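Okay, structure first, notes after.
The values are calculated or read from the model by the stated rules, or taken from the named source; none is laboratory data. Please read all numbers here as calculations on a predicted model, not as lab measurements. A quick note on method: Cβ atoms are made from the backbone with ideal geometry, for glycine too, and the neighbour counts reach across all protein chains shown. Note: accessible area is taken over every heavy atom of the protein model, side chains too, but ligands, DNA and RNA are not part of it. Shrake-Rupley method; radii C 1.70, N 1.55, O 1.52, S 1.80 Å.
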Amino acid sequence: MSIQSFSLTNTAVRSLPKHLLQFAVDQRYDDYTPVDHAVWRFIMRQNTFFLKEYAHKVYFQGLLETGISFERIPRIEEMNDILGKIEWGAVAVDGFIPPAAFMEFQAYKVLVIACDMRQINHIEYTPAPDIVHEAAGHAPIIVDREYSRYLQRFGEVGAKAMSSKKDFELYEAIRHLSILKEQPESDPRELEAANKLVEERQKNLGAPSEMALLSRLHWWTVEYGLIGTLENPKIYGAGLLSSIGESVSCLEENVKKMPYSVEAASIPFDITTKQPQLFVTRDFKQLVDVLEEFASGMAYRVGGVEGINKAIECNNVATCEYSSGLQVTGVFNEVLVDKNNAAIYLRTGSPSALACRNQELSGHGRAYHKDGFGSPIGKWKLTPAAPESLNDGALDKLGIKEGRKTQIEFESGITVQGTVQNIVRSDGKLLLITFSDCTATYGDRILFEPAWGSYDMAIGERITSVFNGAADKDSYNDVALVPRERTIKVPSDARRKKLENLYAQVRKIRGGKVGYERLGEIWETQQAEHPNDWLLSMEIFEILETTDQQSQLKARIEKFLNEKKASTKDLATLISWGFRLVGYHKQGAQDAPAHAK
């Protein structure tokens, strides 16, 4: 586990449980190169130029309030100082993290910031999460209280969503593909294989899990959402706000605009390319309404047979909560039902743990229940009350007392008989009865026999909730481990370091407003040693244009950029945007955001 010590001054970050802190990494700010800062500056200035008209009004308010600089990549500690004022926080992570962990961070009001910086060849759009997407996309919007409440609520719901092993395998494949796509000079064969793996896992996913469906709602709102009317929508999704290519193209007619509703959960997305359709929400309140509509059918809300079956189908660690408050965590493999299709017995087939209020019960961890756990559900015969409500006097009348041999018959027909060893309560509610020399049967079927050891019988009239993962994640240690595959850092060899040095010199000249006479020499060096680089030329051109310096040099650079624009299709739009932005700032447009000047 690694986390910057300064982050612990932020209340939201300080509240994170240890199983989430394992994903935090050091930002390693000094590893950002002058080229990285130049790419950040170009994207931020281009985005705000375009977004001043097309982004939701809160975006620019958020840029001001979060203090994000256009001139350099932000430091996570600076963001935490400012986010703390609205009771949020941020931690740096390495690329994509598992969806369940991502959601849980959000529930704790903590943004996860993928701290990598996209490469210049992905300046318009990156297939991998990066600091532009996270810091300049997500952070500014959460200053809106209604939206930030939606984000937190989404995290709370998402953290409970049932997730399958196949979901996690797909996540790993997508993470691997995004890393390869962001890597310079990736092996085409390796890329093709990674693409095929994603496609195969998508095809074999089966019926989408709750997490898969919720991920779609998250994608079509938090990442790629539009707000307002179908005819004149504004951008609020972070994926659009951080993509200078897609923020422009998303509003074109060929991108279908659809009214947002719970039906968006049925529309899959491709994370590695631009989206063919987008959803428009009326306002942020509608986001919450749709989320609650979806959540009303989730296993954590409905419980019962439906919830247990979802846990069995997912074949992943989940938790079933009894009406007593007892929580059973494990991989569920069986549920018995009565003639009314009500759950009367559940069973796990993996190391399991028992908890209450998300705290593991002493002595009931995975090591103790290493072979799994099984227990009846439902009312007992001879008493109309829910079994969890019975006090010691009522139990005594039924012959249930520590050290006494007894028999309990359930209304379902399940019978448990043995010697009572221990009775566990919480806040007066009966949670668990442990038997020795115990036999549990259902008709002719033996559910438990004395040779298996002590029998821990859960108490509860019904299963009220079923949710993803462990009840006590820190004790169960069930959260997905940090991915072994790390994002790839572009190595700075001697040649690249020379280019980085040229960018650093131009940056210093622009900031200090001195040394303009050296720009010609810098540009000649770039032309001789790095003829394919265009952004440094644009930065030099910008300085010369805005300061009316060295007209001959400016003309030569302009010619070079226009030739690049004409000969390299991928650069045509970017260079055009660069020229447009230089002209815009030279005019000193009065409507530019104050912090962009």
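Filtering region 33-44 for residues that are in a loop (DSSP other than H, G, I, E, B), touching a residue at least 60 places away in the same chain (Cβ under 8 Å), surrounded by fewer than 23 Cβ atoms within 10 Å (Cβ to Cβ) and under 17 Å from the mean Cα position of the chain (by Cα) leaves an empty set. Looking across region 408-432, the residues that are outside any strand (DSSP E or B) and either at positive phi or surrounded by fewer than 22 Cβ atoms within 10 Å (Cβ to Cβ) (or both) come down to Glu411, Gly413, Asp427, Gly428. What about Leu431, is it over 38 Å from the mean Cα position of the chain (by Cα) and within 19 Å of Arg347 (Cβ to Cβ)? When the stated conditions are applied, Leu431 does not pass them.
Test Gly372 against the stated conditions and say whether it is closer than 20 Å to Ile414 by Cα and surrounded by fewer than 18 Cβ atoms within 10 Å (Cβ to Cβ). Walk me through it before giving the result.
Numbers: closer than 20 Å to Ile414 by Cα: yes; surrounded by fewer than 18 Cβ atoms within 10 Å (Cβ to Cβ): yes.
So Gly372 fits the description; yes.
Kindly evaluate Val58 against the criterion of being under 30 Å from Ala494 (Cα atoms) and touching a residue at least 40 places away in the same chain (Cβ under 8 Å). Steps first, answer last, please.
On the way: under 30 Å from Ala494 (Cα atoms): no; touching a residue at least 40 places away in the same chain (Cβ under 8 Å): yes.
Against the criterion (under 30 Å from Ala494 (Cα atoms) and touching a residue at least 40 places away in the same chain (Cβ under 8 Å)), Val58 does not qualify.
In the set (1) under 23 Å from Ala318 (Cα atoms); (2) part of a loop (DSSP other than H, G, I, E, B); (3) of a type outside the set (Phe, Trp, Tyr); (4) open to solvent by less than 80 Å² (accessible area, probe 1.4 Å), Ser362 fails one condition alone, (4).
Mind listing whichever residues of region 332-353 are over 16 Å from Glu461 (Cα atoms), outside any strand (DSSP E or B) and open to solvent by 30 Å² or more (accessible area, probe 1.4 Å)? Residues satisfying the conditions are Lys339, Gly349, Pro351.
Matching residues to (1) within 21 Å of Phe42 (Cβ to Cβ); (2) of a type in the set (Val, Ile, Thr):
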position	(1), (2)
Glu524	no, no
Asn532	yes, no
Leu535	yes, no
Ile540	yes, yes
Ile543	yes, yes
Thr546	yes, yes
Gln552	no, no
Glu558	yes, no
Glu563	yes, no
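Among the residues that make up region 54-77, is at least one of them within 24 Å of Val280 (Cα to Cα), open to solvent by 30 Å² or more (accessible area, probe 1.4 Å), touching a Pro at 6+ places or on another chain (Cβ under 6 Å) and hydrophobic (A, V, I, L, M, F, W, C)? Yes: region 54-77 contains one or more residues that are within 24 Å of Val280 (Cα to Cα), open to solvent by 30 Å² or more (accessible area, probe 1.4 Å), touching a Pro at 6+ places or on another chain (Cβ under 6 Å) and hydrophobic (A, V, I, L, M, F, W, C). Scanning region 264-284 for residues that are more than 21 Å from the chain's Cα centre (by Cα) and charged (D, E, K, R) gives Arg282, Asp283.
Contact map, region 239-264: residues that are free of Cβ contacts under 8 Å to residues at least 12 places away in the same chain paired with residues that are of a type outside the set (Phe, Trp, Tyr), Cβ distance under 7 Å, separation 6+ or inter-chain. No pairs are found. Pairing each residue of region 76-104 that is closer than 17 Å to Tyr32 by Cα with any residue that is open to solvent by 40 Å² or more (accessible area, probe 1.4 Å), provided the two are 6+ apart or on different chains, yields C-beta distances under 6 Å for Glu77/Phe6; Asp94/Arg486.
Does Val110 meet the test of being closer than 30 Å to Leu170 by Cβ, open to solvent by less than 10 Å² (accessible area, probe 1.4 Å) and either touching a Lys or Arg at 6+ places or on another chain (Cβ under 6 Å) or of a type outside the set (D, E, K, R) (or both)? Please lay out each step first, then the result.
Details: closer than 30 Å to Leu170 by Cβ: yes; open to solvent by less than 10 Å² (accessible area, probe 1.4 Å): yes; either touching a Lys or Arg at 6+ places or on another chain (Cβ under 6 Å) or of a type outside the set (D, E, K, R) (or both): yes.
Yes.
To keep it simple, each residue is scored yes or no on (1) surrounded by 16 or more Cβ atoms within 10 Å (Cβ to Cβ); (2) out of contact with any strand residue (DSSP E or B) (no Cβ under 6 Å at 6 or more places or on another chain).
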{"position": "Thr281", "(1), (2)": "yes, no"}
{"position": "Lys285", "(1), (2)": "no, yes"}
{"position": "Phe294", "(1), (2)": "yes, yes"}
{"position": "Arg301", "(1), (2)": "yes, yes"}
{"position": "Asn316", "(1), (2)": "yes, yes"}
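Selection over region 317-342 of residues that are over 25 Å from Asp427 (Cα atoms) and either of a type outside the set (S, T, N, Q) or touching an Asp or Glu at 6+ places or on another chain (Cβ under 8 Å) (or both) gives a count of 10. Being under 23 Å from Gly511 (Cβ atoms) and surrounded by fewer than 15 Cβ atoms within 10 Å (Cβ to Cβ): is that true of Gly578 here? No. Restricting to region 433-483, give me the number of residues that are assigned to a strand (DSSP E or B), modelled with pLDDT of 95 or more and surrounded by 16 or more Cβ atoms within 10 Å (Cβ to Cβ). Count: 18. Just one of (1) within 27 Å of Glu104 (Cα to Cα); (2) open to solvent by less than 40 Å² (accessible area, probe 1.4 Å); (3) among the β-branched types (Val, Ile, Thr) fails for Ile267. It is (2).
Over 19 Å from the mean Cα position of the chain (by Cα) and open to solvent by 80 Å² or more (accessible area, probe 1.4 Å) - does that describe any residue in region 204-214?
Yes, region 204-214 has at least one match.
Sub-6 Å Cβ pairs linking a first residue in region 218-237 that is part of a helix (DSSP H, G or I) to a second residue that is at pLDDT below 95 and open to solvent by less than 20 Å² (accessible area, probe 1.4 Å), at least 6 apart or interchain, are Glu223/Gly237; Glu223/Ala238; Glu223/Gly239, ordered by first then second residue.
Answer with yes or no whether Ala90 is assigned to a helix (DSSP H, G or I) and either modelled with pLDDT of 90 or more or under 30 Å from Thr281 (Cα atoms) (or both). Against the criterion (assigned to a helix (DSSP H, G or I) and either modelled with pLDDT of 90 or more or under 30 Å from Thr281 (Cα atoms) (or both)), Ala90 does not qualify.
Of the residues in region 37-48, none is at pLDDT 90 or above, within 20 Å of Val248 (Cβ to Cβ) and in contact with a strand residue (DSSP E or B) (Cβ under 7 Å, 6 or more places away or on another chain). Does Glu461 count as under 14 Å from Glu321 (Cα atoms), of a type in the set (D, E, K, R) and in contact with a Phe, Trp or Tyr (Cβ under 9 Å, 6 or more places away or on another chain)? Against the criterion (under 14 Å from Glu321 (Cα atoms), of a type in the set (D, E, K, R) and in contact with a Phe, Trp or Tyr (Cβ under 9 Å, 6 or more places away or on another chain)), Glu461 qualifies.
In region 563-575, of all residues being closer than 17 Å to Pro531 by Cβ and polar (S, T, N, Q), the one that is most open to solvent (accessible area, probe 1.4 Å) corresponds to Ser567.
All of Glu246, Glu172, Glu182 fail the test of being at pLDDT below 90, closer than 22 Å to Ala139 by Cβ, open to solvent by 20 Å² or more (accessible area, probe 1.4 Å) and charged (D, E, K, R), apart from Glu182.
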